[in-house]
1. Across segment 306-317, what is the total count of residues that are over 22 Å from residue 157 (Cβ atoms) and either touching a residue at least 24 places away in the same chain (Cβ under 8 Å) or not in a helix (DSSP H, G or I) (or both)?
2. Residue under question is residue 275, and the condition is that it be modelled with pLDDT under 95 and either surrounded by fewer than 15 Cβ atoms within 10 Å (Cβ to Cβ) or assigned by TED's automatic domain parsing to the domain that holds residue 24 (or both); does it hold?
3. Please indicate, with yes or no, whether at least one residue in segment 235-243 is closer than 20 Å to residue 194 by Cβ, crowded, with 21+ Cβ neighbours inside 10 Å and under 14 Å from the mean Cα position of the chain (by Cα).
4. Determine which member of the set 214, 221, 250 is buried (at least 18 other Cβ atoms within 10 Å of the Cβ), assigned to a helix (DSSP H, G or I) and touching a residue at least 24 places away in the same chain (Cβ under 8 Å).
5. Would you mind stating whether residue 55 is in contact (Cβ under 8 Å) with a residue 60 or more places away in the chain, at negative phi and surrounded by fewer than 24 Cβ atoms within 10 Å (Cβ to Cβ)?
6. Do the conditions hold for residue 141, that is, is it in contact with a helix residue (DSSP H, G or I) (Cβ under 9 Å, 6 or more places away or on another chain) and more than 28 Å from residue 271 (Cβ to Cβ)?
């Protein structure tokens, strides 16, 4: 299917690359890297990477302004379902392609490349470039590396395979990537976020079954002078607490009138429960966007029961 995707790219003079709402480095790096690779390979094509930006990831690269287009190709990366696609009017496009590493949720594009065993969308894009005529340079390789590193939590997840490391080795070697510089661009953060992390560590609730969660209200966000996205992204900082099996951040997002729940697991499968609440994701990393804290607490109760059942099933073995 890699070749089929590039053949479709060749057919269109205008290409728009989109991704999910609530941007993360894998989605952003993926769409920017694919945009730049297509422009490098086909200089005469108009290629736009669109969506809402984030000041937190401003050092990664700049998005393009959304434009009205005609007879264009749409490529959506890192997004399993249509409701999560950011800033796209599907009626504008003559053909649509999805490139994703999440478990299948629904078909909404004409061509869909889904590799749900990949650790990131950027891993799939690395393979796409290596197996087709799409060109790459150091800047594109940097974006692909940063996206892969971020979504694999620096290679800590089981979704990283020997092929993942082989791909990374090739891109690092071929383009002489400066790893230290890239990690600074990804992980350098203000003191306010470090202090919020201390608040979370001191105030998280840990149940008897091994569920940990923290409610981060708009008042807390303002007190620590961070944004809601930064607060929610801290869920990855609590992977290795002995007493915790599943953990979640529950963050109030006043601007978008929602409660954002990010969930991680070191055992039980959580994506099906997230889907029940209108969210979804991976088996061990999922989330949902809810309307109230009460709804979020109902989700926590079900998560706690899920952890309890998981522990009992392990003890029975």
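1. Qualifying residue count for the region: 3.
2. no
3. Yes, segment 235-243 has at least one match.
4. 221
5. Spelling it out, residue 55 is indeed in contact (Cβ under 8 Å) with a residue 60 or more places away in the chain, at negative phi and surrounded by fewer than 24 Cβ atoms within 10 Å (Cβ to Cβ).
6. Judged against the criteria, residue 141 is a match.
The values are calculated or read from the model by the stated rules, or taken from the named source; none is laboratory data. What you are looking at is a predicted structure, and each value in this text was computed from that prediction instead of being measured. Note that we place each Cβ from the backbone using ideal geometry, even for glycine, and neighbour counts take in every protein chain shown.
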